Amino acid sequence: MLIAGNWKMYKTASDAADFCRALKARLAGLDGVDVAVCPPYPALAAAVQVLADSDVAVAAQNVHWESDGAFTGEVSASMLRDLGVYGAIVGHSERRQHFGETDETVARRVAAALEAGLWVIACVGELEQERGAGETEEVLRRQVSVLEAHDQLVIAYEPVWAIGTGKTATPEIAEEAHALIKSIVDVPVLYGGSVKPDNATELLGQPNVDGALVGGASLEVESFAAICEAAATL
Ligand code: PGA
């Protein structure tokens with residue numbers, strides 16, 4: 001079971017250091033769950049430094065497919081590895097919606113990151129109108145089929161209508177989507193979309209739910225730790 005906190009564009013480096021110190025103390029001695037935080041780029045080094053003597057891993061929120069070059073604004077896998085970062089989220093729906101990420105660029109980022117030795121959380125998920133039109137399976141098949149199974153790859157199923165909206169997929173909806181994804185690429189699948197301490201146990205209890213990618217509730221130590229603790233009991 002993996003619980004990863006996606007901080008999005010929140011927390012400065014000094015906020016991150018304070019948060020990580022508190023999280024480390026709060027989770028000390030907790031077994032049975034892998035935990036990762038995904039700070040924005042400027043806060044990665046501080047998080048790596050504070051968490052160096054803990055079991056909490058640090059991942060980035062994106063990664064480019066080239067190792068270096070004229071790609072203004074991008075960051076490569078080797079740069080992340082050099083910082084001590086262990087992985088990266090790729091293809092989050094906010095990148096697909098606002099920054100032109102496509103299935104093709106997701107596939108390139110994922111392949112390069114895995115090749116460089118990073119762990120990857122590759123995100124997939126349907127829009128509300130796609131679910132309404134009965135296109136969920138088609139969308140997930142399209143997004144997942146560009147990925148290949150790898151022992152450092154994890155997929156996050158994040159129905160876009162459930163992200164930051166307080167609407168959560170029912171455990172049945174999540175379970176159905178996770179089973180479909182695993183039938184295409186057999187890797188662990190995290191659920192993401194308004195995971196909170198009070199719904200974590202139910203969602204994480206589904207047989208094909210292997211963890212969670214948590215946005216809003218990962219920004220406070222208390223709520224994030226409560227989700228990690230719920231996962232550890234399963
Ligand atoms: P949320 O975000 O938990 O705030 O819905 C999840 C995500 O975007 O990864």
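The values are calculated or read from the model by the stated rules, or taken from the named source; none is laboratory data. Computed from a predicted model, the values in this text were never measured in an experiment. Cβ: placed from backbone, ideal geometry, glycine included. Neighbour counts: every protein chain shown. Just so you know, the surface numbers come from the protein's heavy atoms only, side chains and all, with ligands and any DNA or RNA stripped out. Shrake-Rupley method; radii C 1.70, N 1.55, O 1.52, S 1.80 Å.
Gln97: within 16 Å of the ligand (Cβ to nearest atom), surrounded by fewer than 19 Cβ atoms within 10 Å (Cβ to Cβ), outside any loop (DSSP other than H, G, I, E, B) and not hydrophobic (A, V, I, L, M, F, W, C), yes or no?
yes
I'm trying to understand the selection: among the residues of the stretch 183-199, which are under 14 Å from Val120 (Cβ atoms) and within 14 Å of the ligand (Cβ to nearest atom)?
Listed by number, the residues that qualify are Val189, Leu190.
Can you tell me which residues in the stretch 64-94 are within 14 Å of the ligand (Cβ to nearest atom) and either over 18 Å from Ala46 (Cα atoms) or without any contact (Cβ under 8 Å) to a residue 24 or more places away in the chain (or both)?
Ile89, Val90, Gly91, His92, Ser93, Glu94
For the stretch 21-78, how many residues meet the condition of being assigned to a loop (DSSP other than H, G, I, E, B), farther than 21 Å from Glu229 by Cβ and of a type in the set (Val, Ile, Thr)?
The qualifying residues number 3.
When the stretch 186-204 is examined, which residues are found to be assigned to a strand (DSSP E or B) and out of contact with any His (no Cβ under 8 Å at 6 or more places or on another chain)?
Leu190, Gly192
Can you tell me how many residues within the stretch 100-117 are open to solvent by 70 Å² or more (accessible area, probe 1.4 Å) and either within 16 Å of the ligand (Cβ to nearest atom) or outside any helix (DSSP H, G or I) (or both)?
Of all residues in the stretch 100-117, those open to solvent by 70 Å² or more (accessible area, probe 1.4 Å) come to 104, 108, 115.
Now narrow it down to the ones that are either within 16 Å of the ligand (Cβ to nearest atom) or outside any helix (DSSP H, G or I) (or both): none.
Residues meeting the conditions: 0.
So which residues in the stretch 66-94 are open to solvent by 60 Å² or more (accessible area, probe 1.4 Å) and not small (Gly, Ala, Ser)?
Glu66, Asp68, Phe71, Thr72, Glu74, Met79, Arg81, Asp82, Leu83, Tyr86
Give the number of residues within the stretch 205-230 that are open to solvent by 10 Å² or more (accessible area, probe 1.4 Å), in contact with a strand residue (DSSP E or B) (Cβ under 7 Å, 6 or more places away or on another chain) and either assigned to a helix (DSSP H, G or I) or in contact (Cβ under 8 Å) with a residue 60 or more places away in the chain (or both).
Selection size over the stretch 205-230: 2.
So, of the residues in the stretch 153-177 that are open to solvent by less than 10 Å² (accessible area, probe 1.4 Å) and more than 15 Å from the chain's Cα centre (by Cα), which turns out to be nearest to Trp7 (Cα to Cα)?
So, considering only residues that are open to solvent by less than 10 Å² (accessible area, probe 1.4 Å) and more than 15 Å from the chain's Cα centre (by Cα), the one nearest to Trp7 (Cα to Cα) is Ala169.
In the stretch 132-163, how many residues are more than 16 Å from the ligand (Cβ to nearest atom) and on the phi < 0 side of the Ramachandran plot?
The qualifying residues number 20.
Of the residues in the stretch 164-182, how many are of a type in the set (A, V, I, L, M, F, W, C) and either within 11 Å of the ligand (Cβ to nearest atom) or part of a loop (DSSP other than H, G, I, E, B) (or both)?
1
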